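Participant: There's a structure below that I have some questions on.
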Amino acid sequence: MQVQQNYPLKKYNTFGINAYSKYFSAFATIEDLELILEEYAEQSTLILGGGSNLLFTKNYAGIVLKNNLIGIDIVDKDDNYIYVKAGAGENWHQFVLYCLQNNFSGVENL
């Protein structure tokens, strides 16, 4: 896990705004996230997914963390439902496609 300074956020927001974060890191495990949050506890924190619901209007003075927690697992099944767990860093569109390919209906309208 590497923390970078004055990191460009242009590729992390769909508006393509050229803003910078004071600190930046990505995490792929809960343990990495906990370590970063502990080490940078004094910094304001912004956790990014795909950046589609985000508009930067200026540089971010804290730490930006890119969520790379991935994985799709079937947790349980019963006669009516299939319970699926997805990592918070999963791409939503890819998750919907996965569900469709496996005939899991219900999320395709979201």
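The values are calculated or read from the model by the stated rules, or taken from the named source; none is laboratory data. All figures in this text were calculated on a predicted structure; none of them were measured in a lab. Don't worry about glycine lacking a Cβ; one is built from the backbone with ideal geometry, like all the others, and counts go over all protein chains shown. For accessibility, only protein heavy atoms count, side chains too; no ligands or nucleic acids. Shrake-Rupley method; radii C 1.70, N 1.55, O 1.52, S 1.80 Å.
Participant: In terms of Cα to Cα distance under 23 Å, which lysines are near enough to residue 66, apart from those fewer than 8 places away along the same chain?
Facilitator: 10, 11, 22, 58, 85
Participant: Of the labelled options (i) 38, 32, 23; (ii) 41, 28, 20; (iii) 51, 30, 17, which one gives Cα extents along the principal axes in Å as computed for this structure?
Facilitator: For Cα extents along the principal axes in Å, the calculated option is (iii).
Participant: Moving to a separate point now. Calculate, in nm to one decimal, what residue 14 and residue 61 gain on full extension: separation in residues at 0.36 nm each, minus their alpha carbon distance.
Facilitator: Numbers: separation 47, 0.36 × 47 = 16.92 nm, distance 2.01 nm.
That works out to 14.9 nm of additional length.
Participant: If you don't mind, there's one more thing I want to ask. With labels modelled as points extended 7 Å from the Cα through the Cβ direction, what inter-label distance (nm, one decimal) is found for residue 38 paired with residue 22?
Facilitator: In this crude spin-label approximation the distance works out to 2.2 nm.
Participant: Using the heavy atoms of the protein chains and a 1.4 angstrom probe, tell me the accessible area per residue for the chain in square angstrom.
Facilitator: On the way: 7630 Å² over 110 residues.
Roughly 69 Å² per residue, with all protein chains present.
Participant: For the stretch 1-64, with all protein chains present and a 1.4 Å probe, just round the carbon and sulfur fraction of the accessible area to a whole percent.
Facilitator: Working: 2050 of 4190 Å².
That fraction is 49 percent.
Participant: Taking the Cβ-Cβ separation of residue 110 and residue 31 as r and a Förster radius of 22 Å, what is the calculated FRET efficiency to the nearest 0.05? Write out the running numbers ahead of the final one.
Facilitator: Details: r = 30 Å, r/R0 = 1.38.
Rounded to the nearest 0.05, the efficiency is 0.15.
Participant: What share of the DSSP beta bridges in the chain is antiparallel, in percent to the nearest 5? Numbers along the way, then the final one.
Facilitator: Values: 9 of 19 bridges.
Here the antiparallel bridges make up roughly 45 percent for the chain.
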